[in-house]
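Student: Below is one structure. I have some questions about it.
Each value in this text was obtained by applying a stated rule to the coordinates, not by laboratory testing. The structure presented is a predicted model; accordingly, all values stated were derived computationally and were not measured. Here the Cβ positions follow ideal geometry from the backbone for every residue, glycine too, while neighbour counts run over all protein chains shown.
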Amino acid sequence: MSVAEATPDLEQVDRNDRAFLGHPKGLGYLGFTEGCERFSYYSMQTLLVLYMVNYLLVPERMDKVVGLQWVQQHIYHGISGQPLASAIFGTYASLVYGTPILGGIIADKWLGRNKTLILGGVLMAIGHFLMAIESAFVFALIALVLGVGAFKGNIATQVGALYGPNDLRRAMAFQIFYIFINVSVIIAPLISGTLGQKVGWHYGFGCAGVVMVLGLIIYLSGRRYLAPEEVASKTHEAAPSEPLNRDDWLCVVYLVILIPVLAVSLLTNQEIFNAYLTWGDQHFDLTLLNNTSSWLITVDAAVSFSMLVAVAAFWKWYGTRRREPDEISKMIIGSIFTVAGGLCLFMAALTQPHGGKISLFWPMLFEVFNSIGFAHVLPISLALFSKISPKQITATVIGLYYLSFFIANAVVGYVGGLYSSLPTTTFWLIHVASAAFGLVAFVIFKVALGKRMQGTPQDQAAALS
């Protein structure tokens, strides 16, 4: 059975299944599974830097962590304190977005996406439980990095597989998928973050492991509602006899060009879990947030969720009256808002009272602008990658998409370390510049290649002829 022959089966699934908010029932199971996985992941994102800065990275505790002193000396050249915490976080956060490439290859070539995803979930649960053991810190991070790599790209691929190539619900499906993610990010700091900061760090990490196990149970219970595994298997068997043609490769090239641009544009958003959290912990007036800095992540997620819903509703309303902008145009709009958000952080630093705390006005305005930018860049770019990637290597291309996060977090690990040595105003102007670079690059991309980014690889042949 060829790839072309497999596609109508997926379209038939779409036409007959609108049980979940007008979408296939499988989207609900994938959304709840991703919600649990993201709860566990963002529990780590929320607690990791605070845990290292406020607890782990002191000599008497570092000595008990197997391999940590070797890592400090040989990888991070002996740095310590907040710069070391920022560097470790940056390495961890970048690797969890680099390994989905390996997970995509394993799924495409050997195990299939279902088995690879389950393997990833098991590794993540093990990693979270190891975080509750202080001496196993390094091994916990390794397990989490490998687990996310096997899990992340393969669940996004299964969302795309629920829809035929011309199904207009695809972009909305990924926005719904991101709503599940943001609900989890809202809840994770309130539960795991509060447990970690108020009860004990290891309780927060252990909670994340329990929720990851719950996510695996949900996924296994809903597998019958996903795109049939035999369709994926036949697609994989057909791939060697249907090599990528010139138009397929052009699509891949266009997407690869987007990766570093996305990475730079993501810098401000990814800094939220690194230096921004440390800055807020030290300098924000957190009275309204129970004096718990991890709740800043809940605020970020709540605003992001609200803006995802608002942006999706706006474009649905707009689409009934006029033609919606294409994906790249929406990403340009999002970049404008990201620039505005970075300027709010600059103003917060500029107006901080001498010896006093920063009010939450500018940080909250940053959350609104940045979240509108997020809603226009992240789900839209993922939908674009899913839309035009050659079907023979969809999981691998989705893995490539996460390279943008790999690069962004690697840069955040370095830039975040500058927080202790640069004026805070200068620090945030660097992030404004990164968002402005993304804006300009998206505009250039739109002018140069916009028409070639429409539709599926088959559509490209018509566009190029």
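Student: What is the set of long-range amide H partners of His23 at a cut-off below 5 Å, with H atoms built 1.01 Å from backbone N?
Tutor: Counting only residues 5 or more places away or on other chains, the set is empty.
Student: Which Cα, out of Gly319, Phe32, Val303, lies furthest along the positive dipole direction of the chain (beta carbon charges, K/R +1, D/E -1)?
Tutor: Towards the positive end, the residue furthest out is Gly319.
Student: Turning to a different aspect of this structure: Give me the dipole magnitude in Debye, nearest 20, for the chain about the Cα centre, with unit charges on the beta carbon: positive for Lys and Arg, negative for Asp and Glu.
Tutor: Dipole magnitude for the chain comes out near 560 debye.
Student: For the residues Phe427, Phe445, what sequence is obtained by ranking on other C-beta atoms within 10 Å, fewest first? Write out the running numbers ahead of the final one.
Tutor: Values: Phe427 22, Phe445 18.
Fewest-to-most ranking of Phe427, Phe445: Phe445, Phe427.
Student: Of Lys25/Lys152; Lys316/Lys446; Lys316/Lys357; Lys115/Lys391; Lys25/Lys198, which sit over 30 Å apart, Cα to Cα? Numbers along the way, then the final one.
Tutor: Values: Lys25/Lys152 20 Å; Lys316/Lys446 22 Å; Lys316/Lys357 41 Å; Lys115/Lys391 19 Å; Lys25/Lys198 39 Å.
The answer is Lys316/Lys357; Lys25/Lys198.
Student: Hey, fewest Cβ within 10 Å first, where do His23, His283, His376 land in order?
Tutor: His283, His23, His376
Student: Using a basic spin-label model with each label point 7 Å from the Cα along Cα→Cβ, how many nm lie between Val256 and His283?
Tutor: Spacing of the two 7 Å Cα→Cβ label points: 4.1 nm.
Student: Once you have the Cα-Cα distance between Phe361 and His202, take 0.36 nm times their residue separation minus that, and quote the gain in nm to one decimal.
Tutor: 54.0 nm
Student: Could you give me the ³J(HN,Hα) list for the stretch 270-283, computed from phi with Karplus coefficients 6.51, -1.76, 1.60 and θ = phi - 60°, whole Hz, x at Gly and Pro?
Tutor: These are the phi-based 3J(HN,Hα) values: 6, 5, 4, 8, 10, 5, 4, 5, 5, 4, x, 4, 8, 10 Hz.
Student: Still on this structure, please answer the following. Please list, ordered by chain and number, the residues whose modelled amide H lies under 5 Å from the amide H of Val58; skip anything fewer than 5 residues away on the same chain.
Tutor: Close amide H contacts, sequence-distant or interchain: none at all.
Student: Mind giving me the nanometre distance, one decimal, between the label points for Lys316 and Glu60, set 7 Å out from Cα along Cα→Cβ?
Tutor: Placing both labels 7 Å beyond Cα along the Cβ direction yields 5.6 nm.
Student: With a point put 7 Å past each Cα toward its Cβ, work out how far His74 is from Ala448 in nm, to one decimal.
Tutor: Inter-label distance under the simple model: 4.1 nm.
Student: What is the order of His74, His431, fewest Cβ neighbours within 10 Å to most?
Tutor: Values: His74 9, His431 25.
Listing His74, His431 from fewest to most nearby Cβ atoms yields His74, His431.
Student: Next question, about the same structure. Which order do the peptides 243-253, 85-95 come out in when sorted by mean C-beta neighbours inside 10 angstrom, highest first?
Tutor: 85-95, 243-253
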